[in-house]
1. Considering only 31, 87, 135, give the residue with the highest GNM mean-square fluctuation for the chain, with springs between Cα atoms whenever their separation is below 10 Å.
2. More than 17 angstrom separation, counting every C-alpha pair in region 147-222; what % is that?
3. Restricting to bridges with both residues inside the chain, how much of the DSSP beta-bridge set is antiparallel, in percent to the nearest 5?
4. Counting other C-beta atoms within 10 Å, and keeping those with at most 10, which DSSP coil GluC sites (Glu not before Pro) do you find in region 105-199?
5. For region 15-47, which trypsin sites (Lys or Arg not before Pro) are in a loop by DSSP, counting at most 15 other Cβ atoms within 10 Å?
6. Provide Rg and Dmax in Å for region 187-264, with only Cα atoms included in the calculation.
7. Which value, in debye to the nearest 20, describes the size of the charge dipole of the chain about its Cα centre when Lys and Arg Cβ atoms bear +1, Asp and Glu Cβ atoms bear -1, and nothing else is charged?
8. Give me the net charge for the shell around residue 175: Cβ to Cβ below 11 angstrom, other residues only, Lys and Arg +1, Asp and Glu -1.
Amino acid sequence: MPATPLAAHPSARPVPAFRGRIGSDARSGHYAVPRRYRLHLSPADPDGLRIAVTHSLLGLDRACPVTFLPAVPDCPDGGHSALRPLYEASAHHYTGPALAPVLSDDWSGRIVSTHGPDIARDLARHFGGGRTSLYPCGRESEIEAVERMCAQGIEGAAQRAGAAGAETSRSAAALDTLLETLGVLDRGLGSGTYLIDDQITAADVELWVALVQLDTVHRHHLDADAVRRIAGHPALWAYARRLAAHPAFGVHLDLDAVNRRHHARCQGLEAAGSAVQILDWAAHSTPEKSEEAQVRQV
């Protein structure tokens, strides 16, 4: 699918505290060894959901275990108390929040990375084992273009369109950007099942998570007409529905957890779009037992 790159905007993601990488051999320091690394994720968080889906698509339950964290962090600074020992072991006198996602090294007891996109790429490149190619050779630029469209044209634009107190002209311009981006993606999906090469790639993971956020979080701050216009992209939402039914996607979609995280963090005003749900995600999601007040491990 041809994708038009967007102009750069500031990222909504916090600056990662750690950004190590997994390499292909021992000289890299952090090299790929089964069961050496562990993920610490909250799938209610977009980065956590992307990594959880990637992990399932690659079939890495044994090679890279996962600790699932509560949807709502239990520290006043927005961090997870369960991650504090890892952060303190990895940086002397660390004072920032202990945020997820985290890729840790069980050999050293320290953090490798807290940067979601790097973690997903390293899992796919060094632990995939040929099961599925989420980053097909020669298609990296297309995947990166989709990532920019999702971050800027969907998530960023939706946030600006629904921002409390924003000027009407600014909100309208952001909504136009959002609808234009959705239109490009909708037309690109008109002739195929997936975005690239008729196979699931990292671009599909990125887009699906962006659509989940759009319908479960951002629409609550948009007016009803805006949500109806967003819903008017049939190929795009049929695609989202198909992926939600895929076991690697839907199993990680816990709507109650997403809702609790949203309400714990949100400072905006609820708008009429809150009553106009686009997809019945609950018909496809299969969350496991509640993780409230308890860390789950796989």
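1. 31
2. Of the Cα pairs, 44 percent sit more than 17 Å apart.
3. Approximately 75 percent, going by the DSSP bridge assignments.
4. 167
5. On the way: sites: 19, 21, 27, 35, 36, 38; in loops: 21, 35, 36.
When the trypsin sites (Lys or Arg not before Pro) of region 15-47 are filtered for loop state and at most 15 Cβ neighbours within 10 Å, 35 remain.
6. Calculated on Cα positions, Rg and Dmax stand at 13.3, 40 Å.
7. It comes to approximately 560 debye.
8. Neighbour charge sum, excluding residue 175 itself: -1.
The values are calculated or read from the model by the stated rules, or taken from the named source; none is laboratory data. Here the structure is a predicted model, which is why all the values come from computation and not from measurement. Methodologically, a virtual Cβ is constructed for each residue, glycine included, from the backbone with ideal geometry; neighbour enumeration extends over all protein chains shown. Areas reflect the complete protein model, heavy atoms only, side chains present, ligands, DNA and RNA absent. Shrake-Rupley method; radii C 1.70, N 1.55, O 1.52, S 1.80 Å.
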